[in-house]
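The values are calculated or read from the model by the stated rules, or taken from the named source; none is laboratory data. As the structure is a computational prediction, the values presented were derived from the model and not from experiment. Neighbour counts run over all protein chains shown; Cβ positions are idealised from the backbone, glycine included. Only protein heavy atoms, including side chains, enter the accessible area calculation; ligands, DNA and RNA are left aside. Shrake-Rupley method; radii C 1.70, N 1.55, O 1.52, S 1.80 Å.
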Amino acid sequence: MTLEQFAVFAGSSLRLATPLLLGATGEIVSEKAGVLNMSVEGMMLTAALGSALGSLFTGSAAIGTLCGMLAVVPVAALQAFLSNTLRGKSDRKRDWYNILALGATTLVYREVFGPLDNQLVAGLSNWTPPLLGSIPVIGHPLFEQVWIVYLAIALAIAVALFMNYTPFGLAVRATGVDPVAADHAGISVVAVRYASVMFAGLCSALAGVFISLGNIHTFTEGMTSGAGYLAITAVIFGNWRVWRMVGACLLFGAATALQFQLPAMGIIVPTPC
């Protein structure tokens, strides 16, 4: 593998890891607060459709991004209500939305775009940091990314610092470890968990926006392809630690990018029928 091929591979890995990183960053905060949010996949899909529709009808990727974010807000609020107010069983109350989102987004997609339509919408453009982009050979293929990629990295760093060095981060961790003791200490357990689930929803929304407007500039049925479930897996694989979770997301992204890189290097890997 030449240096240029490696730069392309690294850039693709980073791009493919971005929706996983966003979903996992939100999920790790939610789980640290004691709420397992299994609806990450459905939230991503909802935001992907919402952003594509917003971009289609207005011709603006910025408005499409806002529409995708707003589409997930009521879903995240409902999830927080089910988790914290109704206190339903975690393994029975969350996965329903993923199934509903898949069916509902498919129905809306076929009604608006038409079956098997590939109509492009206004998407997010790439941006290259001035100094990093000027690095010879690797600068352009590695660092020319949609701004959401850099936001995902910044969010992961911010969450790591937030969880370990701020009073609210301590409250989140205390709520997840022992909610009774946290309540006795004056922490509003319900408020902390509501905020954590809403944050997870907004991160999932950004992931969905990136998939539709940052990657392919359109919407297709089930286009998240299990990215939400993989984000939850990355949290578990990373042992609920932010830096390990980031490593897991990058590993999953690299594995996905490798299947496209190997044929370009002349290496044919047989796939199962």
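VAL35 fulfils the conditions (1) part of a helix (DSSP H, G or I); (2) β-branched (Val, Ile, Thr); (3) open to solvent by less than 10 Å² (accessible area, probe 1.4 Å) except for a single criterion, (1). Only one of the listed residues (ALA182, ALA205, ALA156, ALA160) is part of a helix (DSSP H, G or I), touching a residue at least 24 places away in the same chain (Cβ under 8 Å) and in contact with a Gly (Cβ under 9 Å, 6 or more places away or on another chain). That residue is ALA205. Screening segment 193-205 for residues that are of a type outside the set (Ser, Thr, Tyr) and open to solvent by 20 Å² or more (accessible area, probe 1.4 Å) and picking the one that is nearest to THR46 (Cα to Cα) gives LEU202.
Scanning segment 108-124 for residues that are without any contact (Cβ under 8 Å) to a residue 24 or more places away in the chain and among the small types (Gly, Ala, Ser) gives a single hit, GLY114. The residues in segment 18-32 that are touching a Ser or Thr at 6+ places or on another chain (Cβ under 9 Å) and over 18 Å from ASN239 (Cβ atoms) can be counted, and the count is 2. As a summary of the residue check, ILE63 satisfies the conditions (1) assigned to a helix (DSSP H, G or I); (2) in contact (Cβ under 8 Å) with a residue 40 or more places away in the chain except for the one numbered (2). Among the residues examined, ILE236 qualifies as free of Cβ contacts under 8 Å to residues at least 60 places away in the same chain and either of a type in the set (Gly, Ala, Ser) or in a helix (DSSP H, G or I) (or both).
Pairing each residue of segment 82-106 that is under 21 Å from SER196 (Cα atoms) and at pLDDT below 75 with any residue that is open to solvent by less than 90 Å² (accessible area, probe 1.4 Å) and not in a helix (DSSP H, G or I), provided the two are 6+ apart or on different chains, yields C-beta distances under 6 Å for SER90/LEU36; ARG94/MET38; ARG94/SER39; ASP95/MET38. Restricting to segment 47-62, name every residue that is among the small types (Gly, Ala, Ser) and either buried (at least 24 other Cβ atoms within 10 Å of the Cβ) or under 19 Å from the mean Cα position of the chain (by Cα) (or both). Hits for segment 47-62 are ALA47, ALA48, GLY50, SER51, ALA52, GLY54, SER55, ALA61, ALA62. Any residue at all in segment 223-235 that's among the hydroxyl-bearing types (Ser, Thr, Tyr) and buried (at least 21 other Cβ atoms within 10 Å of the Cβ)? Checked against the condition, which is being among the hydroxyl-bearing types (Ser, Thr, Tyr) and buried (at least 21 other Cβ atoms within 10 Å of the Cβ), segment 223-235 yields at least one hit.
Considering only segment 177-192, state which residues are closer than 18 Å to THR166 by Cβ and either surrounded by 17 or more Cβ atoms within 10 Å (Cβ to Cβ) or over 29 Å from the mean Cα position of the chain (by Cα) (or both).
Let us first name the residues in segment 177-192 that are closer than 18 Å to THR166 by Cβ, namely 177, 182, 185-189, 191-192.
Hits for segment 177-192 are ALA182, ALA185, GLY186, ILE187, VAL189, VAL192.
Listed here are the residues, each with its yes/no results for (1) out of contact with any Pro (no Cβ under 8 Å at 6 or more places or on another chain); (2) not aromatic (Phe, Trp, Tyr).
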| site | (1), (2) |
| --- | --- |
| MET163 | yes, yes |
| PHE168 | yes, no |
| THR175 | yes, yes |
| ALA185 | yes, yes |
| VAL192 | yes, yes |
| ALA195 | yes, yes |
| PHE210 | no, no |
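Going by the conditions given, is SER196 closer than 30 Å to GLN119 by Cα, in contact with a helix residue (DSSP H, G or I) (Cβ under 6 Å, 6 or more places away or on another chain) and either in a helix (DSSP H, G or I) or not polar (S, T, N, Q) (or both)?
Values: closer than 30 Å to GLN119 by Cα: no; in contact with a helix residue (DSSP H, G or I) (Cβ under 6 Å, 6 or more places away or on another chain): yes; either in a helix (DSSP H, G or I) or not polar (S, T, N, Q) (or both): yes.
So SER196 fails the test.
For LEU116, are the conditions met, namely being on the phi > 0 side of the Ramachandran plot and either open to solvent by less than 60 Å² (accessible area, probe 1.4 Å) or at pLDDT below 90 (or both)?
Spelling it out, LEU116 is indeed on the phi > 0 side of the Ramachandran plot and either open to solvent by less than 60 Å² (accessible area, probe 1.4 Å) or at pLDDT below 90 (or both).
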